[in-house]
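Here the structure comes first, spelled out in structure tokens, and everything after it is commentary.
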């Protein structure tokens, strides 16, 4: 039975019709135009579907859209609404991503970390992205970039 | 279409309504909290509920409270909340340590301790610590409230003592008694994602040890023979630990599955038992390593 | 002195920015409209065998099936492995 719900997506209040069995990931991608979160494993293991729900990173593939009525969701597209932020610039500078499929999910995880812990240790960074699978890079340039950004922010 | 199965969704605003909805559809309705297990199961048609009852509107279930001798963890408390709770870090650090190794941050932000308990999977990370602490699971249903001891909770793989018409509302952990320290060690194939291949939870007080294993039997289980042999932390020595390790084969019954072989699990359980016991004893006398240190 | 434009200088990936902002478009992100057909490959269950016949009549009758194609529909063969080795 279709129901109309209201989600604030990337700062914008949007109404959308959903069935109870629509996942949040599907609704974001197919009904709300947010293609940034990806369908990777679609079972919560790979992290490509990560979004921020009321400020916390979540697996949008394991959430029913209808559960998020009234919530605030930020996807990769909305992380830095005024253009690429320092984290994204450093990722590009350091060639942190290759195919880039994991980038949206990892960037969401990294932003959550930096929002909560502006001076993470290397171990903190590894833990923060431990739920994101990357097949291309071996993770090192990604971890280095997140640490570099946190140090840059610190020295401001 | 990620989920082929169709169902109704309701979000009751009070516990009585949730219980009534569950009772109205015996066996055909399921409770939804974090959904990190449930949504995946529905996707695989592993379960096919006609009604999904979202209990996230029951805000009174989101609390961690200390009530005299009892630390009460509400059914909606997430693993992330457990990790951030000073009460949990200070009073029940064994449970805290187990929370830190559940999956990864995005899962811990949603997954609930109670949901993990209700999954009843033999490798659930909530099992060994709550067995070691002698916790109680509080269940509400059409016939009122009842309390189930953790040791009576797990009946078999994916089977718990909760009946289909009942909702778990809290877990109660006793925090009176002598000072305790613990150690939870989880072996997995890779970090941030995996279910335990073997896990061990050890609780030490001056009166002795509680030892519980996960992922090496049809349920998480206590190891009373091992506990008896270990004695008290003050007189712990290499010989007792070796004797305890020899008893592992009598206490656990691992199987071979996609994550590990029987032989590997048996082998690792003995190593982890030793590390868990030694670490819990060290922590009881105030020494390192800090909770959260990876020991395997 | 390095007068080169690229040699010896760091070069950013041409689509790096799109990838880290979620703007990069992957095949699954593309919208081909409601008339997009989906194909499923049916593989041989045998590692080493000779095709004697393939009966597609029942498959073609299934609701939603637009067409069933086999190797016979492609008279021109090309590729790396043209001979059975």
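Derivation of every value follows stated rules applied to the coordinates shown; laboratory data play no part. These figures come from a predicted structure and were not determined experimentally. Because the Cβ atoms are built from the backbone with ideal geometry, glycine has one as well, and the counts that use them run over all protein chains shown.
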Please report the spacing between the Cα centers of the stretch B:25-82 and the stretch B:117-194 in Å, no decimals. 13 Å
Spin-label pair residue B:14/residue C:39, simplified geometry with 7 Å Cα→Cβ offset, distance in nm: 6.0 nm
The FRET efficiency for residue B:5 and residue B:87, from their Cβ-Cβ distance with R0 = 41 Å and rounded to 0.05, is 0.55
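Can I get the semi-axes of the stretch B:14-60's equivalent ellipsoid? Compute them from the C-alpha gyration tensor as square roots of 5 times the eigenvalues, in angstrom, largest first. Present the calculation step by step, with values, prior to reporting the outcome.
Values: eigenvalues 75, 40, 5 Å².
Each semi-axis is √(5λ); the values are 19, 14, 5 Å.
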Would you please report the Å³ per residue occupied by the convex hull of the alpha carbon atoms in the stretch B:82-132? 71 Å³
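Subtract the Cα-Cα distance of residue A:121 and residue A:153 from 0.36 nm times their separation in residues, and report this length gain in nm to one decimal.
The residue A:121-residue A:153 span can extend by a further 10.1 nm.
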Where is the GNM fluctuation largest for chain C (alpha-carbon springs, 10 angstrom cutoff): C:69, C:20, C:42? C:20
Cα gyration tensor shape for the stretch B:199-289, rounded if a/c is under 1.5, else prolate or oblate: prolate
What are the extents of the Cα atoms of chain A along their three principal axes, listed from largest to smallest and rounded to whole Å? 51, 32, 23
Could you give the angle, 0 to 90 degrees to the nearest 10, between helix B:238-251's Cα long axis and the longest principal axis of the Cα atoms of chain B? 40 degrees
Going by C-beta contacts inside 10 Å, put B:274, A:38, C:52 in order with the fewest on the left. C:52, B:274, A:38
log10 I(q)/I(0), Debye, Cα-only the stretch A:86-155, no solvent, q = 0.20, 0.25, 0.29 Å⁻¹? -0.72, -1.16, -1.60
In Å, what Rg and Dmax follow from the Cα atoms of the stretch A:3-78? 10.8, 30
Which residues in the stretch B:190-231 place their backbone N less than 18 Å from a point set 7 Å from the Cα of residue B:263 along the Cα-to-Cβ direction? B:198
With label points set 7 Å from each Cα along the Cα-to-Cβ direction at residue A:71 and residue A:12, the distance between them in nm comes to 2.0 nm
Given the alpha-carbon gyration tensor of the protein assembly as shown, what are the semi-axes of its equivalent ellipsoid in whole angstrom, ordered largest first, with each equal to the square root of 5 times an eigenvalue? 42, 30, 28
FRET E, pair residue C:32, residue B:28, Förster distance 41 Å, beta-carbon r, rounded to 0.05: 0.60
Residues of the stretch B:112-139 with backbone nitrogen within less than 20 Å of a virtual label 7 Å along the Cα-to-Cβ line of residue B:69, please, listed as ranges. B:130-139
How far apart, in nm, are the 7 Å Cα→Cβ label points at residue B:228 and residue A:135? 5.3 nm
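What FRET efficiency would be calculated for the residue pair residue B:60, residue B:159, taking the C-beta separation as r and a Förster radius of 25 Å, to the nearest 0.05? Show your work: numbers first, answer last.
Working: r = 28 Å, r/R0 = 1.12.
After rounding, the FRET efficiency stands at 0.35.
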Going from the fewest other Cβ atoms within 10 Å to the most, one would list B:210, B:189 as B:189, B:210
Counting other C-beta atoms within 10 Å, which of B:258, B:107 has the fewest, and how do the rest follow? B:258, B:107
If the elastic network links every pair of Cα atoms under 10 Å, which of B:80, B:109, B:143 fluctuates the most in the Gaussian network model of chain B? B:143
Taking chain B as the reference, fit the longest principal axis to its C-alpha atoms, fit the long axis of helix B:15-24 to the helix C-alpha atoms, and give the angle between the two in degrees, 0 to 90, nearest 10. 70 degrees
Please build a GNM for chain B, connecting alpha carbons under 10 Å apart, and tell me which residue among B:197, B:90, B:81 fluctuates the most. B:90
Measure nothing fancy, just the Cα-based angle from helix B:262-284's long axis to the longest principal axis of chain B, in degrees from 0 to 90, nearest 10. 80 degrees
